Every structure is written in structure tokens, then in C-alpha cells.
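All remarks here apply to the structure that follows.
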Amino acid sequence: METIHLRHPYQSTAHLDSPIVVALGFFDGVHLGHIGVLENAKRLAEQQGAQLGIMTFYPHPKEVLGKQPEAFRYLTPIPEKLSLFEQHGIDKAFIVEFTPEFASLSKEAFLDEILSPLCVTGVSTGFNFTFGRYATGTPDDLQVLGKNRFETVTVPPIMQQDQPISSSRIRAALSNGEIALARDMLGRPYRVKGNVIPGDQRGRLLGFPTANIRLEQPYYYPKLGVYIVDVWVPDLQLRSFGIMNVGIRPTFTHTEPDIRIEVHLLVQDLDLYGKELVVDLLHFLREEQRFPSFEHLKTQINQDRKTADDWIKQEAQANKQVPFQIY
């Protein structure tokens, strides 16, 4: 897959002369609703004998337009998003820089200055795709304005629990600790990746060594608490179940520190410093809490491990686990 970064106005090198069908959208999460848009683009490209492309935008409009006071956190940061696109057979991925100037384009200018120079012959969008100034353009506008220029396919909502699957619903599920619901809408477990950095060794003193993870990208944080996770260590070609804590560790500090992510592997103690960990969330165990003493915390950790072991055995028997995917 070829990745092409674009900024409006395009340089002449951005103009293409080979027909291409593009899936249009922000695609945060690359969830099952997004997959529907990609699959329709693929069918249209096959019908036309055209290349298959995708156009996404970065950074998020909320960051650029000042609608969010803090940095935006993504379900799928750009590297992960691109890996998922490649899995779905995309030939070219266009990443358009979202700027105030880009946001001010009219609906007509979006077609004339963004799509037409790329020789777009077909477009697939979701039912709720918007474009142009103030996000007033709709899929119907795309169909009308694109008439005699390209073919347009609008994908209806993909439903889950009688509601359309959406990135905002997945965020809400993660914030509520509803990990199975998030997985059902994503079509895979929610994933974060990070590198193991030195910690303060408190876990080891408790007999429960943990890997302190620094996230590689601005991932969306799930609900603070303890999770059962599936971990892949690429450098060691090792896969292990584990227990992950996402939180501020209130037993150890009275301040307001940054959120930390710590993972304990349910295998032998390993030297993981400097290694990348790929972590899939499987199940929310409990909320983070403050304990009156280290002994109380140690008792709870042992209980967490037992609960995790029991849950993993039940899931294995029921064969409910989503196979681990490398991307």
C-alpha cells in the first residue's frame, strides 16, 4: 500500500491520472461500520477496473478547530489505522492534513480541489459523512455535485444493539468498562501499543512484577481500573495473558499524576525493558481504588490474578476469544 500525505492546496506531484475509487471518512477505530464503507469501495473499484484508495484526515477536526481543550486521543492512531487499511487491500491511502484552510473549503471546492485532482472515479462514504465548510456537505450533496464526475455509494448504518455503530459509541463503551461491547463494534479487541520503560519496582516488591508502558501514540484511555489482557511481545515472539492496570495508583500517591499503564504477564518473570508490548483488552475486572495498606493491596492483587485465571479458563472452554491479529 502506498501512503500519500497531502496538504491543500496540492502540489502538482499530487495529481494522479489513473482512475481510483476512494473510501472517504475519518475512520477512527476502523470499526465494522467503516469496514462496510471499505468493502463497498472495493466492489466499486472492481466493477470499474480502478485502483482502490482511501482518504482520511489528520489531525482530528476538534483539535484544529479548538473544540477540545486537550490533545485528541484516538481509537486507532495513524500507524495502526494504516496497518488496518493495508489488511483490507487498499492500494493508496491519502492522508489529508486537516487545517483551518481546509475546513473553510466550500462543498464545491472540496470536489474541485480535493477529489478531482486525484482522478477519482468513485466514492464510498458512510451515511453520516460530512464535508465542506461547517461540515454542511452530506452524502446526498456528494451524489448531486459529483454527478457526471464520479459514482457515489452511500453505506447505511451498521447496527449493533439497535443503534448504529460509531466511534463515539465505542469510546463510551471503553469509558464505561464495557469491553465486550467495544469489541463487538470494532470487530476485534481494543488495542494499545507501547514500550516498556523503567518503573519504581513497587510491583516487584509486592511479588507482582509489572511492565510500565509508555504508549507509542495518543491512544484513547479506557476506564481507569484493572483489566484482563492478551499481550504480544514481538521481540520475543511471545504471547501471554496478563493483568493490566490503567490509572493513577492512588495507594502510592496523593497527588494527581499522569495516567499510567502497567501490565503483569501471567507467565514467568521476564526482562521486558525497552521492548514493545501489543496489548488487547479482553475484560474489565474492577475499578481502581485506594487501599489502606500495601498488605490490603497485595491481597487484592492475588484475588485479581485468581479471578483472571478463572475467567481465561471459562473463555477458553467457551471458545469466545477473538484470535490475536498481528498488525
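The values are calculated or read from the model by the stated rules, or taken from the named source; none is laboratory data. These numbers were taken from a predicted model, which means no experiment stands behind them. Neighbour counts run over all protein chains shown; Cβ positions are idealised from the backbone, glycine included.
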- request: Taking the options THR125, THR152, THR121, name whichever one is part of a strand (DSSP E or B), of a type in the set (Ser, Thr, Tyr) and out of contact with any Ser or Thr (no Cβ under 8 Å at 6 or more places or on another chain).
  value: THR121
- prompt: Just wondering, is there one or more residues in region 37-49 that are in contact (Cβ under 8 Å) with a residue 12 or more places away in the chain, surrounded by 19 or more Cβ atoms within 10 Å (Cβ to Cβ) and assigned to a loop (DSSP other than H, G, I, E, B)?
  reply: no
- request: Could you tell me whether region 164-176 includes any residue that is in a strand (DSSP E or B) and either in contact (Cβ under 8 Å) with a residue 40 or more places away in the chain or among the acidic types (Asp, Glu) (or both)?
  value: yes
message: So, in region 243-259, exactly how many residues are out of contact with any Lys or Arg (no Cβ under 8 Å at 6 or more places or on another chain), closer than 27 Å to LYS81 by Cβ and at pLDDT below 95?
response: 2
query: Across region 221-242, what is the number of residues that are hydroxyl-bearing (Ser, Thr, Tyr), within 26 Å of GLU70 (Cα to Cα) and assigned to a strand (DSSP E or B)?
result: 1
- prompt: Taking region 21-36, which residues are surrounded by 24 or more Cβ atoms within 10 Å (Cβ to Cβ) and outside any loop (DSSP other than H, G, I, E, B)?
  reply: VAL21, VAL22, ALA23, LEU24, GLY33, HIS34
